[in-house]
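The values are calculated or read from the model by the stated rules, or taken from the named source; none is laboratory data. Quantities reported herein were computed from a predicted structural model and do not represent experimental measurements. Areas reflect the complete protein model, heavy atoms only, side chains present, ligands, DNA and RNA absent. Shrake-Rupley method; radii C 1.70, N 1.55, O 1.52, S 1.80 Å.
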Amino acid sequence: IKEHPDLGWQVFDSSLRVQQDLRLQTEVDLRQALDRGELRLHYQPIVIISNEEICGFEALVRWQHPTRGLLMPGEFIHIAETSGLIIPLGWWVLTEACRQMQVWTEQYPAMAEFTVSVNMSSKQFSQQNIVEKIQKILDDTGFVARRLKIELTEGVLIDHSDGIIATLQQIRAIGIKLLVDDFGTGYSSLSYLHRFPFDCLKIDRSFIENADQDFEKLEILQSVVRLAWNLGLDVVAEGVETPRHHAQLKALRCELGQGYLFSRPLAPAAVEAMMAEKAAS
Ligand code: C2E
Ligand code: CA
Ligand code: CA
Ligand code: CA
């Protein structure tokens with residue numbers, strides 16, 4: 001073997017092979033995961049910057065894999081996207097988030113006005129009757145439209161330039177809020193803001209990170225908050241990790257924040273423990 005001229009390539013090749021095998025296996029498993037009920041949602045609090053009160057959650061998907069443990073979206077969302085499984089996965093997420101929120105609303109009076117944000121993939125918008133499907137989930141779960149926020153990245157605007165405005169307007173007409181996710185990371189950020197019917201923008205965490213050390217980042221952050229204000233949009237800052245980030249956002253009068261400083265994404269049992277503790281104090 002040591003004489004083998006291609007050894008380097010073989011090693012490279014076999015690790016690539018291992019990666020491809022894992023990918024294929026993950027796709028096969030994911031198909032079953034949906035039927036077997038292995039997906040979970042964790043809920044990360046969204047906080048009012050000025051007083052640190054929770055006003056809602058972002059629902060984030062996890063996969064309780066039978067042998068690999070709890071998998072984060074980074075390990076399977078891309079595979080879900082390319083295989084088309086993101087479509088049934090996305091409908092499961094929306095249904096489960098609305099169902100869970102409705103259960104909690106009946107259980108905890110303090111959560112009566114909490115909102116829930118759900119990420120939707122661009123792929124879901126290539127389906128027919130998307131508005132009817134969303135309406136049916138609200139009807140079936142009893143969750144009120146005005147407490148639901150749908151998070152979209154600009155990919156959805158690029159992939160579906162025709163007809164997307166009408167679809168988004170119909171979703172909004174039901175009372176659902178539309179949010180631009182990862183704002184500032186794409187190409188056309190500024191031009192689409194006034195062309196598409198958004199209610200809220202979520203500033204990508206790369207702008208919060210180091211805004212306390214990097215003057216340019218702070219300038220951008222400040223401009224985005226001001227822009228949102230001028231366009232009548234709500235703003236959420238993601239990736240609030242330190243008291244300095246918090247203080248900075250407060251000074252900029254950014255309204256809402258989300259990040260490890262306030263809370264990590266929580267399993268449902270941890271949300272319930274938190275609510276029980278709040279009710280007792
Ligand atoms: P995202 O929509 O930008 O979600 C925020 C991500 O940032 C979450 O990662 C969250 O745990 C993480 N995060 C929150 N606070 C902080 C912080 O202070 N610092 C840092 N460094 N990170 C923070 P997660 O849960 O791993 O999700 C990753 C991505 O996977 C999400 O990014 C979203 O694009 C996608 N995703 C998650 N759930 C769903 C889903 O149900 N459907 C779809 N289509 N995509 C999803
Ligand atoms: Ca999101
Ligand atoms: Ca982000
Ligand atoms: Ca985001």
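Structure data summary
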| read-out | value |
| --- | --- |
| Percentage relative contact order, the range 134-178, counting C-alpha pairs under 8 Å, at least six apart | 55 percent |
| The chain, relative contact order in percent, only Cα pairs under 8 angstrom and at least six apart counted | 17 percent |
| Cα coordinate range in the chain, projected on the principal axes (Å, largest first) | 67, 49, 48 |
| Gained length - residue 247 relative to residue 25, 0.36 nm times residue gap less alpha-carbon distance | 75.4 nm |
| Relative contact order of the range 14-94, pairs being alpha-carbon contacts under 8 Å that are 6 or more residues apart, as % | 26 percent |
| Long-range amide H partners of residue 117 with built H, under 5 Å | 57, 58, 59, 149 |
| Rg/Rg_globular for the range 126-256, with Rg_globular taken as 2.2 N^0.38 Å and Rg from C-alpha atoms | 1.15 |
| Within a Gaussian network of the chain (alpha carbon springs, distance under 10 Å), most fluctuating of 37, 155, 90 | 37 |
| Rule-of-thumb Rg ratio for the range 2-149 [Cα; 2.2 N^0.38 Å; N residues] | 1.36 |
| Links that overshoot a 20 Å alpha carbon limit, given the list 202/278; 123/149; 136/177 | 202/278 |
| Protein accessible area in the range 124-281, 1.4 Å probe - carbon and sulfur % | 50 percent |
